[in-house]
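**Q** Sending over a structure as structure tokens; questions will come in a sec.
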Amino acid sequence: MTPAPVPKAMSLREALRVAEGPVTLLGYDPASKPMSPGSKVKALAELATTGEVLASQQEMLYANGVSGDPRRVLLVLQGTDTSGKDGVVRHVVGQVGPAGVSIKSFKRPTAEEAAHHFLWRIGRALPAAGIIGVFNRSHYEDVLVPRVHGSIDADTWAERIADINAFEQQLADSGTVLIKCFLHISYSEQRKRLLARLDDPSKHWKFNPADIDERAYWSDYQSAYAAAIAATSTKSAPWHIVPSDTKWYRNWAVSQLLRDALLGLDLSYPPADFDIEAARVRLQPPF
């Protein structure tokens, strides 16, 4: 089932944002390109231009953080294997200066992490003020994989969902802008990308035979994602479903979401907290 056409007046953020209520991923076409610039060439050109904006905005965000502004940005990337999380980090976030970015990835908890509340390791990895943080896999791993493989019951799942909503609300209240993106690909596209990894010796290190086993749980994962997205897409931390069968569209769309979030902060450089003219005089020769 293909979603209805997006009205021209709607922003990309609105077009991809998940509406309140039940979610079925069957209603989202992973090969679609809402509000696309029209072609790969145009998308890449826009991505480059957007990269300049991201770099400029990130520098202002960092400058304000150094000056005591608590605001920060957290980009949450979720998706099945090969959905493009690494690609977004490389092609979108990679355009921003490394000093102002923090990238974390969460997979199976270590023994130490498992001994604490599941959000303990997340809290320790949050970006500092003035930083753009990226979670390449996130706290949602703890309500997805356990649900699919039956290692938590319905009550525990509901408790974790409630904890996530409370945690994200606290983040929003403390000045964190959350951008949550589900990179949505099709079953056939995942197969194509896994085969491509086998065909390329330079990508063998990224291939895990266990990913083939996980494909047997495809429908279960789709249901788990849909349930988690529906339960945690809030006004303060909405989800965006990004069609990701087309890599250039995926990168373009996430870059637009990140750009819009930064521009929404209405950033400017903080004023000097020292006497500019006195400093200028002190720098006159012979100094």
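**Q** Looking only at segment 55-103, count every residue that is hydrophobic (A, V, I, L, M, F, W, C) and assigned to a helix (DSSP H, G or I) and tell me the total.
**A** Number satisfying all stated conditions: 9.
**Q** Take segment 69-97 and flag every residue that is loosely packed, with under 15 Cβ neighbours inside 10 Å, over 24 Å from A224 (Cα atoms) and touching a residue at least 40 places away in the same chain (Cβ under 8 Å).
**A** Of everything in segment 69-97, those that are loosely packed, with under 15 Cβ neighbours inside 10 Å, over 24 Å from A224 (Cα atoms) and touching a residue at least 40 places away in the same chain (Cβ under 8 Å) turn out to be P70, G97.
**Q** Does segment 98-119 hold any residues that are over 28 Å from L47 (Cβ atoms) and surrounded by 14 or more Cβ atoms within 10 Å (Cβ to Cβ), and which are they?
**A** P109, E113, F118, L119
**Q** Among the residues of segment 17-65 satisfying the criterion of being open to solvent by 40 Å² or more (accessible area, probe 1.4 Å) and touching a His at 6+ places or on another chain (Cβ under 7 Å), which is farthest from E189 (Cα to Cα)?
**A** Looking at residues that are open to solvent by 40 Å² or more (accessible area, probe 1.4 Å) and touching a His at 6+ places or on another chain (Cβ under 7 Å), I get R17.
**Q** Output the qualifying pairs, or none if there are none: Cβ atoms under 9 angstrom, residues six or more apart or on different chains, first residue in segment 98-109 and in contact (Cβ under 8 Å) with a residue 24 or more places away in the chain and under 21 Å from V145 (Cβ atoms), second residue open to solvent by 70 Å² or more (accessible area, probe 1.4 Å) and among the basic types (K, R).
**A** No pair meets every condition.
**Q** Filter segment 219-249 for residues that are without any contact (Cβ under 8 Å) to a residue 40 or more places away in the chain and either under 17 Å from I185 (Cα atoms) or among the acidic types (D, E) (or both) and give the result.
**A** Answer for segment 219-249, where residues must be without any contact (Cβ under 8 Å) to a residue 40 or more places away in the chain and either under 17 Å from I185 (Cα atoms) or among the acidic types (D, E) (or both): S219, S223.
**Q** Okay, moving on. Output the residues belonging to segment 252-269 that are open to solvent by 20 Å² or more (accessible area, probe 1.4 Å) and not aliphatic (A, V, I, L, M).
**A** The answer is R259, D260, G264, D266, S268, Y269.
**Q** While we're on this one: Just to verify a result, which residue in segment 182-217, among those that are among the aromatic types (F, W, Y) and either farther than 26 Å from Y28 by Cα or touching a residue at least 60 places away in the same chain (Cβ under 8 Å) (or both), is surrounded by the fewest Cβ atoms within 10 Å (Cβ to Cβ)?
**A** W205
The values are calculated or read from the model by the stated rules, or taken from the named source; none is laboratory data. What you are looking at is a predicted structure, and each value in this text was computed from that prediction instead of being measured. Note: ideal-geometry Cβ built from the backbone for every residue, glycine included; neighbour counts use all protein chains shown. With ligands, DNA and RNA removed, areas are computed over all heavy atoms of the protein, side chains included. Shrake-Rupley method; radii C 1.70, N 1.55, O 1.52, S 1.80 Å.
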